[in-house]
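The values are calculated or read from the model by the stated rules, or taken from the named source; none is laboratory data. All values reported here derive from a predicted model rather than from experimental measurement. So basically every Cβ, Gly included, is an ideal-geometry build from the backbone, and we count neighbours across all protein chains shown.
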Amino acid sequence: MKRQRFWPVVILCGAALLGAMAQQEMSTQTSLATNQSVMAAILEPVTNAQYQAEKVSRSVQTLSDGTVITHETRGLIARDAQGRIREDIYMVQSAQVNGRQQNLALQSATVGDPIAHTMLFWTGQTAKLAMRMQLPSLPKNAMNALLVAPPPPPPPGRGAGGVVAMAAPRAVTLGTSSNAMPNMGMPDPSSPLISGEAPQLSIDEVRAEDLGQQSLQGILVTGKRVTTTIPTGKVGNDRPIVVVHEEWRSPELKIVVKTIDTDPRTGQQTMELDGLVRADPDPALFQAPAGYEVKDMADMMKSLGNLGRTTPSR
């Protein structure tokens, strides 16, 4: 009987988990932006437009008592002439461990290679392991749909098990004389909640503005601002909520150089490239660091599936 060598797999899973933590602790937006930028390098590679910069993401939230909470992440972002892109995240997180405040430094790197059609990622932890994932050769539109498309709304009418299916949560007033059946206190069958007809939904007011051009980090960028006003009562709010997204993009390099997101519910989040240099980065940046062992995700998953199985002795 042969013993399965599962410790390398366990360590690799731990490294992958730390990498996921490093990308998700700051915010879901940070992780999503990283994954999408690397995936875009594979789906729609940009060649002969190399650059290197430090990507600074900052979140500032002001509490009702005036306390200001600031989180910041910094990391390398680079693209070579072949269209390969690397994006790092480095942050320091504070946490309570056994009643004591401790700081934990987390670091991860992700490389998207449109030539090999792979993603490679690793963490800066003690495990000298990197994970490589071979991406399927799906049509670009299909892959984009998997990444960014919301799930389809349920069909009108009753869902499985007799539950009324609705396209989205919304406020509906029940118990009025027009909706109640006489002397029964029950909703009328023609009510939207019973018939499955979607009640009217308050529509957000969206306004887009062209901000023109300016120079940032020595390159020409064009800006736009999108202001979304959430009407009163849409999310339980007693007054309109104004959310603003501002974005500055380089048409030449096809990258976003700066964004500003302001939402009174979460505060302000900004992203800006700093120290941008238009030069071909060191090729070593797009490989796992020296001394790291590269594992294929498919092999790792196969090994996980074989955990606990035994091979008959001959």
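Residue-level check: of (1) of a type outside the set (S, T, N, Q); (2) at pLDDT 80 or above; (3) surrounded by 19 or more Cβ atoms within 10 Å (Cβ to Cβ), Leu76 misses just (3). Residues that are in a strand (DSSP E or B) and buried (at least 17 other Cβ atoms within 10 Å of the Cβ): does the stretch 193-213 have at least one? Within the stretch 193-213 (the criterion being in a strand (DSSP E or B) and buried (at least 17 other Cβ atoms within 10 Å of the Cβ)), the answer is no, since none of the residues qualifies. Checked against (1) within 23 Å of the chain's Cα centre (by Cα); (2) modelled with pLDDT under 95; (3) among the β-branched types (Val, Ile, Thr), Thr311 passes all but condition (1). Evaluate the stretch 262-269: report whether one residue or more is in a loop (DSSP other than H, G, I, E, B), in the same structural domain as Ser108 (by TED's automatic domain parsing), at pLDDT below 95 and surrounded by fewer than 16 Cβ atoms within 10 Å (Cβ to Cβ). No; the residues of the stretch 262-269 include none that is in a loop (DSSP other than H, G, I, E, B), in the same structural domain as Ser108 (by TED's automatic domain parsing), at pLDDT below 95 and surrounded by fewer than 16 Cβ atoms within 10 Å (Cβ to Cβ).
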